[in-house]
Amino acid sequence: MKVIEGLFYSKDHEWVKVNGDSALIGITDYAQNALGDIAYIEMPEEDDPLEAGDAYGVIESVKAASDLYSPVSGTIIRTNDDVEDGPELINKGPYENWIIEISLADQGELNNLMNAAAYEESTRKED
């Protein structure tokens with residue numbers, strides 16, 4: 001399982017990469033591996049507001065369908081059209097292929113997320 005230093009991680013296996021007042025959000029390597037071959041992603045609308053913990057879309061694989069949850073609050077700035085058109089990109093590079101970008105409503109919420117070491121530890125407990 002690949003985990004990247006410098007990202008924030010949620011218990012729902014999403015990652016957050018902060019860039020100033022905005023953040024990219026995607027699913028972790030652990031999540032894409034558990035899902036298997038990803039076949040479809042239901043994307044949210046741009047300008048949709050999100051609260052931390054809100055479902056913003058659905059990801060479907062040959063094994064299962066799962067809701068996608070926002071780890072932080074904000075407003076959706078954009079969605080990744082490449083991933084919407086080719087959801088299998090997430091299997092090839094889960095950290096390179098983000099799903100949404102949001103403007104952060106409260107950077108303090110990042111303190112509720114895990115760093116790379118804590119996330120690795122949490123996934124060991126799940127296995």
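Nothing in this text is a laboratory measurement; each read-out follows from the coordinates by a stated rule. Here the structure is a predicted model, which is why all the values come from computation and not from measurement. Note: ideal-geometry Cβ built from the backbone for every residue, glycine included; neighbour counts use all protein chains shown.
Where nothing but the Cβ of Lys and Arg (+1) and of Asp and Glu (-1) is charged, how large is the charge dipole of the chain around its Cα centre, in debye to the nearest 20? Roughly 560 debye, rounded to the nearest 20. The stretch between E5 and E96, if pulled fully straight at 0.36 nm per residue, gains 31.4 nm over its current Cα-Cα span. Considering only GluC sites (Glu not before Pro) in DSSP loops that have at most 14 other Cβ atoms within 10 Å, the longest stretch of the chain without any of them is 6-44.
Amide H contacts of D54 (H built 1.01 Å from N, in plane; Pro and chain starts excluded): S70 sit under 5 Å, all sequence-distant by 5 or more or on other chains. Express in whole angstrom the spacing between the alpha-carbon centres of region 94-122 and region 1-68. Here the answer is 9 Å between Cα centres. Look at the dipole of the chain built from charges on Cβ: of G86, L113, I38, the Cα furthest out on the positive end belongs to L113.
Each peptide in 64-73, 22-31 receives the mean, over its residues, of other Cβ atoms within 10 Å, and ordering these scores from highest gives 22-31, 64-73.
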